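Presented below is the structure to which this report refers.
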Amino acid sequence: DQGYRWLSSAATTALARLLTAEAQRPLGKFADARRELEAAVAACDGALKELAVLPEGGDAEEAAAAEHSELMEAVAAAGGRAGRGAHASSSSAVAAPSARQWVGCETDLSLRTGADAMPYLTLRMLALQALVGVELTSTKLSDAAACAESMRAMVEAYPRALRRTAAAADMAEGQVLQSLGETAAAAARFRAAAVSAEMFGVPATKDLACVCGALAELADGSPEAVSRALNLVRPVLAQHEAMAAAAAAGAS
């Protein structure tokens, strides 16, 4: 009961939707999984909008101007309704809204706003990554590519805040490229994912990226590509063999 007290209710709901979708994917319930993941992304977008954070970056001044315009239209509409039922001077009592300062890149992100936005940015990245998998399994390559592009935009807008999940964007791009037959480009993205995962301490992601990169290299078929594939998987195999030997020694 205490495990997710540090998460807001909106973030907890988004996490629950993400976990539900991950449970539905192996059962072949792709439509249900897609619906849950899209709802999780929408929930994160709504929470980030309340924090005045653009999830994929952008022009903060333009976002502030657009919001101010919407608020002024709402105030004008409210004043018009008040004027129809009361003296005209009552409509002038409606206060003009104050503009918020929006965040469109890392340099605009304060410590407090960054801490509040971090769960939603992370969950949004993970939900988009899962959507890439769902769309690829459903052979909807254009939709998968769009999700991968959204992930890349997030990492480019907030590279420090999302450094621990940056490898997920590289993995998603690599998976899309490999599905399109661009094996050389896919291998490059998987190598980038392995480097990013090693830098920020995600060993499982590094191992997965190395294996995926090796498979992409093998698809090339050339002796050089086969050599690169072996160089990628040998450290992974050695590490797992050492772990298995240590576990066997401990059991005995």
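Below, the figures for the structure above:
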{"quantity": "Residue match in the stretch 201-212 (condition: under 17 Å from Asp170 (Cβ atoms) and charged (D, E, K, R))", "calculated": "yes"}
{"quantity": "Conditions (1) within 27 Å of Pro26 (Cβ to Cβ); (2) free of Cβ contacts under 8 Å to residues at least 12 places away in the same chain; (3) part of a helix (DSSP H, G or I); number of the one not met by Ala115", "calculated": "(1)"}
{"quantity": "Candidates Val236, Val226 - the one that is among the β-branched types (Val, Ile, Thr) and touching a Lys or Arg at 6+ places or on another chain (Cβ under 9 Å)", "calculated": "Val236"}
{"quantity": "Any chance Ala96 is modelled with pLDDT under 85 and part of a helix (DSSP H, G or I)", "calculated": "no"}
{"quantity": "Unmet requirement for Arg191, which otherwise passes all of (1) within 18 Å of the chain's Cα centre (by Cα); (2) part of a helix (DSSP H, G or I); (3) more than 26 Å from Ala23 (Cβ to Cβ)", "calculated": "(1)"}
{"quantity": "Filter result for the condition that a residue is surrounded by 15 or more Cβ atoms within 10 Å (Cβ to Cβ) and of a type in the set (Ser, Thr, Tyr), over Ser196, Ser222, Ser252", "calculated": "Ser196"}
{"quantity": "Set Ala245, Ala185, Ala193: member being among the aliphatic types (A, V, I, L, M) and modelled with pLDDT under 95", "calculated": "Ala245"}
{"quantity": "Failed item in (1) under 21 Å from the mean Cα position of the chain (by Cα); (2) part of a helix (DSSP H, G or I); (3) of a type outside the set (D, E, K, R); (4) loosely packed, with under 14 Cβ neighbours inside 10 Å, with Leu237 passing the rest", "calculated": "(1)"}
{"quantity": "Matching option when the condition is acidic (Asp, Glu), in a helix (DSSP H, G or I) and farther than 21 Å from Gln178 by Cα, among Glu224, Glu198", "calculated": "Glu198"}
{"quantity": "Residue in the stretch 130-187 that is surrounded by the most Cβ atoms within 10 Å (Cβ to Cβ), counting only those that are farther than 17 Å from Ala21 by Cβ, among the charged types (D, E, K, R) and out of contact with any Ser or Thr (no Cβ under 9 Å at 6 or more places or on another chain)", "calculated": "Glu173"}
{"quantity": "Condition met for Ala40 (under 18 Å from the mean Cα position of the chain (by Cα), surrounded by 19 or more Cβ atoms within 10 Å (Cβ to Cβ) and over 13 Å from Met125 (Cα atoms))", "calculated": "no"}
{"quantity": "In the stretch 100-112, the residues that are surrounded by 13 or more Cβ atoms within 10 Å (Cβ to Cβ) and not in a helix (DSSP H, G or I)", "calculated": "Arg100, Trp102, Val103, Gly104, Cys105, Leu109"}
{"quantity": "Residue in the stretch 15-37 that is surrounded by the most Cβ atoms within 10 Å (Cβ to Cβ), counting only those that are among the hydrophobic types (A, V, I, L, M, F, W, C) and more than 14 Å from Leu126 (Cβ to Cβ)", "calculated": "Phe30"}
{"quantity": "First in the stretch 231-252 and without any contact (Cβ under 8 Å) to a residue 24 or more places away in the chain, second anywhere and of a type in the set (Gly, Ala, Ser) and surrounded by 11 or more Cβ atoms within 10 Å (Cβ to Cβ), Cβ under 9 Å, 6 or more apart", "calculated": "Asn231/Ala214; Val233/Gly213; Val233/Ala214"}
{"quantity": "Residue match in the stretch 141-163 (condition: within 20 Å of the chain's Cα centre (by Cα), farther than 30 Å from Trp102 by Cβ and either outside any loop (DSSP other than H, G, I, E, B) or of a type in the set (Lys, Arg) (or both))", "calculated": "yes"}
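The values are calculated or read from the model by the stated rules, or taken from the named source; none is laboratory data. Values in this document were obtained by computation on a predicted structure and should not be read as measured data. We place every Cβ from the backbone using ideal geometry, glycine too, and count neighbours over all the protein chains shown.
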